[in-house]
Structures are given as C-alpha cells and as structure tokens.
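The next block holds one structure in the form of structure tokens; read it before the comments.
The values are calculated or read from the model by the stated rules, or taken from the named source; none is laboratory data. The structure presented is a predicted model; accordingly, all values stated were derived computationally and were not measured. Please note: Cβ atoms are built from the backbone with ideal geometry, for glycine as well, and neighbour counts cover all protein chains shown. For accessibility, only protein heavy atoms count, side chains too; no ligands or nucleic acids. Shrake-Rupley method; radii C 1.70, N 1.55, O 1.52, S 1.80 Å.
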Amino acid sequence: MSENNKIVAFPNRAELDAVAAAWLTRLDRDEVSTEDHLAFRTWMAESEHHKAAFDRIAKFWFLSLRIFCLNHIQRRLPDKI
C-alpha cells in the first residue's frame, strides 16, 4: 500500500482542474511565449490526468463563452420577431 493507507493514489481532481484552468487562462493571452508553449506541452505529456483535466476545463470554458454570446445576442433581438 502507498502512504495514507491507499492501494492506489488518485490525483486530486480539484488541484488538477485549478492547474488546468491556470494553463487555459495563460494560453488565452494575446501573446504566449515559446517557453509557455513548451512548459504546457511538458505538463500535458506528464500525465493522462493532466490532459483530461485540461480537456474538461477547456470544454467548460468554451461552453460558457457560447452561452454568454447567445445570451448577448438574445438581449439584442427585438421582443417580437
């Protein structure tokens, strides 16, 4: 058994999601350095859990953006079409 009396140590999902969200916001800037791209690719290659967390956060990010845009469009439409 591993430390903490666990047979298998699973990653902390909240921590992974927080790191993935930090990467997403970092990569969403107008200018992203080559070093940032390299560090991100390294982080993604370290674990399938990293990739899964990033994919999960990215889907949420883009879905939220779509909802925001649709809501904005709806508010601009006339009441009667």
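Worth a mention:
- Residues within region 22-81 that are modelled with pLDDT under 95, more than 26 Å from Asn12 (Cβ to Cβ) and not β-branched (Val, Ile, Thr), tallied: 17
- Only residues that are open to solvent by 100 Å² or more (accessible area, probe 1.4 Å) and either of a type in the set (Ser, Thr, Tyr) or assigned to a loop (DSSP other than H, G, I, E, B) (or both) were counted in region 27-47, giving 4.
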